[in-house]
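The next block holds one structure in the form of structure tokens; read it before the comments.
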Amino acid sequence: MNGYDGIIFDVDGTLWYSCDKVAHIWSTEAQRYTDRLICWDGKTLEKEFGKTMDDIMLDLMPELSPAQRHELGERCFAQENIGLAKDPGVLYPGVAETVRELAKRHRLFIVSNCQQGYIEILLDSYGLRDCFEGWLSWGETRVEKDETIHILMERYGLTHPVYVGDTQGDANSCARAGVDFVFAAYGLGQAEEYVAKVESFAELLSLF
């Protein structure tokens, strides 16, 4: 697993877990918007995280118009950033220590289908900003993850990075981007195609 010029990480299901907290925030905002009782839980969002917000809102609120889903999504994102800045998600075991060690010998990056500001909340909440050379979100690019990966590669001069994620969607994005995929099996989803699998984040130290 040597020879990569960068390691790119997913966020949800790979670096931390925030589904329960986000579900509460989104439910509260959706109730305000629709004036209906809405009670999403973490398990519901586990199936959605990794998708773009447009796709998530289509799954959760198909009865709304596209314009309404977009507006609600933007409201949920805004409240999510406010809420998580005060009460952040929980890092998976070993993430902070492993990231700091990996950063000593690898260029580290993040690409996620999240809103702008979400990645920064994770990094600042746990003092990890200095470990990552760069990051890019769907909120900044508004394109599919494989395209966002390409944008990040071009921006930082990467030619052969590897991506660490936890879903088949991540694997599919990597295949389209021509990037090797490492499956974080402890995360939120499943994957069938990968060059390596880890059962804990700390296993990345022996892999790279």
Estimate the FRET efficiency between residue 63 and residue 193 by the formula 1/(1 + (r/R0)^6), using the beta-carbon distance for r and 35 Å for R0, to the nearest 0.05.
-> 0.50
Between residue 128 and residues 5 or more places away or on another chain, the pairs with built amide H atoms under 5 Å apart involve none
Principal axes first, then extents: for the Cα atoms of the chain, list largest minus smallest coordinate on each axis, whole Å, largest first.
-> 54, 32, 29
Helix-only [θ]222 nm of the chain, DSSP H runs n ≥ 4, -39500 (n - 2.57) each, per residue, nearest 500 | -13500 deg cm²/dmol
Averaged per residue, what accessible area in Å² does the stretch 129-180 show with a 1.4 Å probe, protein chains only?
-> 43 Å²
Looking only at lysines whose Cα falls under 24 Å of residue 197's and that sit 8 or more positions away or on another chain, we get 43, 47, 51, 104, 145
Sorted by chain and number, the residues with a modelled amide H under 5 Å from that of residue 92, at a separation of 5 or more or across chains, are 16, 17
How many nm separate the modelled label positions at residue 205 and residue 39, each set 7 Å beyond the Cα in the direction of the Cβ?
-> 4.3 nm
Measuring from centroid to centroid over Cα atoms, what is the spacing of the stretch 34-60 and the stretch 70-106 in Å?
-> 18 Å
Loop only per DSSP, at most 16 neighbouring Cβ atoms within 10 Å: give me the trypsin sites (Lys or Arg not before Pro) in the stretch 37-83, ordered by residue number.
-> 47
Taking only Cα atoms and a 10 Å spring cutoff, compute GNM fluctuations for the chain and point out the largest among 192, 133, 71.
-> 192
Accessible carbon and sulfur surface of the stretch 26-185 relative to its total accessible area, %, 1.4 Å = 49 percent
So for the chain, taking the charge dipole from beta-carbon charges (+1 Lys/Arg, -1 Asp/Glu), which of 181, 11, 49 sits furthest toward the positive end?
-> 11
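The values are calculated or read from the model by the stated rules, or taken from the named source; none is laboratory data. Just so you know, these numbers come straight off a predicted model, no measurement behind them. FYI the Cβ positions are ideal-geometry reconstructions off the backbone, even for glycines, and counts take in every protein chain you see. For accessibility, only protein heavy atoms count, side chains too; no ligands or nucleic acids. Shrake-Rupley method; radii C 1.70, N 1.55, O 1.52, S 1.80 Å.
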